[in-house]
1. So between GLU366 and ARG160, what do we pick up on full extension, going 0.36 nm a residue minus the alpha carbon distance?
2. How far, in nm, would the chain grow between ARG277 and LEU260 when pulled straight, counting 0.36 nm per residue and subtracting the alpha carbon separation?
3. Percent relative contact order of the chain, based on C-alpha pairs within less than 8 angstrom and at least six residues apart?
4. Above 28 angstrom, tally the Cα pairs of the chain and express them as a % of all pairs, no decimals.
5. Strictly over 32 Å apart at the Cα level, which of LYS86/LYS262; LYS59/LYS81; LYS3/LYS198 would you flag in this model?
6. How far, in degrees from 0 to 90, does helix 48-60 lean away from the longest principal axis of the Cα atoms of the chain, to the nearest 10?
7. Kindly express, to the nearest 10 degrees and within the range 0 to 90, the angle between helix 380-395's C-alpha long axis and the longest C-alpha principal axis of the chain.
8. Measure out, as a whole number of angstrom, how far apart the alpha-carbon centroids of the stretch 364-396 and the stretch 22-65 sit.
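The values are calculated or read from the model by the stated rules, or taken from the named source; none is laboratory data. Just so it is clear, the structure is predicted and the values come from calculations on it, not from any experiment. Heads up, the Cβs are rebuilt from the backbone with ideal geometry, glycines too, and the neighbour counts pull from every protein chain shown. Heads up: the accessible areas ignore ligands, DNA and RNA and are worked out on the full protein's heavy atoms, side chains in. Shrake-Rupley method; radii C 1.70, N 1.55, O 1.52, S 1.80 Å.
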Amino acid sequence: MAKLAITGGKPVRRKPFPAWPVYSKEEARALMKVLRSRSWGGYPFPNTHANAFAAKFAKAHGAKYGIALANGTVAIEVALKAIGIKPGDEVLVPAYTWEGTVGPILLLNAVPVFVDVDRDTYCLDARLIEQALTPKTRAILPVHLAMNFADLDEILRMARSRNLAVIEDCAHAHGGKWRDKGAGASGDFGCFSFQSSKLITSGEGGAVITSNLEFYERAQSYVNCGRASITDQFRNRLIGFNYRITEFQAAVLEVQLARLPKQAKTRQANMDYFEKRLRGTPGLAFLKRDERTTRLAAYQYVFKYLPGYFGGVPRAAFLGALEMEGIPCDGLFYEPVFPALSGGRTAPLDLKTAYRCPVSERAAYEESVWLPHHIFLGTRKDTDDIVNAVLKVCENISELRNLKHPAIERKGMNRAERPRIEKRQW
């Protein structure tokens, strides 16, 4: 008799998890205040709520200056421009990340140089930096991923010894701390996203933080159509664009920022309990937590599924079964970026030969399991359901061998392919 829901058994859970984003009357009041003000946009720059939020956000992370802007990808573009990246310059990036980390480099006609990630953290492997450096290297762009920080000690040591800039991609790290210093405040810039899935959100939006006044002034000008910055001490005159955030978004973010510490405490407690219950489960492995991370940013929870232990049953089957038990999950959340670049060719350029990144490939295509942060905002019973579903699938993995099912097929596809199967009739 079938036990797994995907093969006809009863699912562990039918009840929805806490919805995301979370909002309350506070967001509604903030939005109505902006509506009544009739000052809705990003001009005059920085407008009232955008200025207040940026200052609070920078201070919360230990930086002197902050700018709220259109989105996280734009944040990286602005930071790259502000540090002076030019066509042909090389920027070191982890191979395992979102396209938005690399897109801005290409937009500036600079060159992304892909570095594999550490198998214990899925963050850029600082031990591989030196062999990736060339005379054209101008910056390192580490990504803090899956509740881990890249090794900022080693990255900053290498960067400072070679006069390289460091831009931290902190899209997963709101509120996190490395050696008691906030995410984004150790490098020259920290870049954040407030897209719908992030720990604080206004639907879209982003921010850059820095403690370098000249960089701050340049970034302001790039965001504000090339206009002179507010302080204008360095008198930079440059071409900029309208990357401003709206007052509606900034007002929502002020409320979201105030709510973050309490939510973070709930998430971390439930994630710690989840990991404690599952540790020692054959076939599962967990990322290491660096003791230099003094405050976790409890974003997507990531653990490893080891198909070799389960007789080669692919991760897609595990994920499909877990989803049918009522647990939202993903595997191809991120894919190695380098195979997607084409350089104008009719077929993608195979950069795997030049950039061999086996850890990134294994994480993306074989082993990483991503659980969204909002499912850890519930009760201990909710977390027990997640654990029980994982254990149930592991214990009955033989039911998945050679099983054909739309949930499995969907979990084996990249994001671009998924709408095709999700629209099929089964």
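1. Details: separation 206, 0.36 × 206 = 74.16 nm, distance 3.59 nm.
Length difference between fully extended and current span is 70.6 nm.
2. On the way: separation 17, 0.36 × 17 = 6.12 nm, distance 2.57 nm.
My answer for the length gained is 3.5 nm.
3. Numbers: 872 pairs, mean separation 87.0, N = 426.
Over the chain, the number comes to 20 percent.
4. Numbers: 45834 of 90525 pairs.
Considering the chain, 51 percent of its Cα-Cα pairs are separated by more than 28 Å.
5. Details: LYS86/LYS262 42 Å; LYS59/LYS81 23 Å; LYS3/LYS198 35 Å.
With Cα atoms farther than 32 Å apart: LYS86/LYS262; LYS3/LYS198.
6. 70 degrees
7. 60 degrees
8. One Cα centre to the other: 35 Å.
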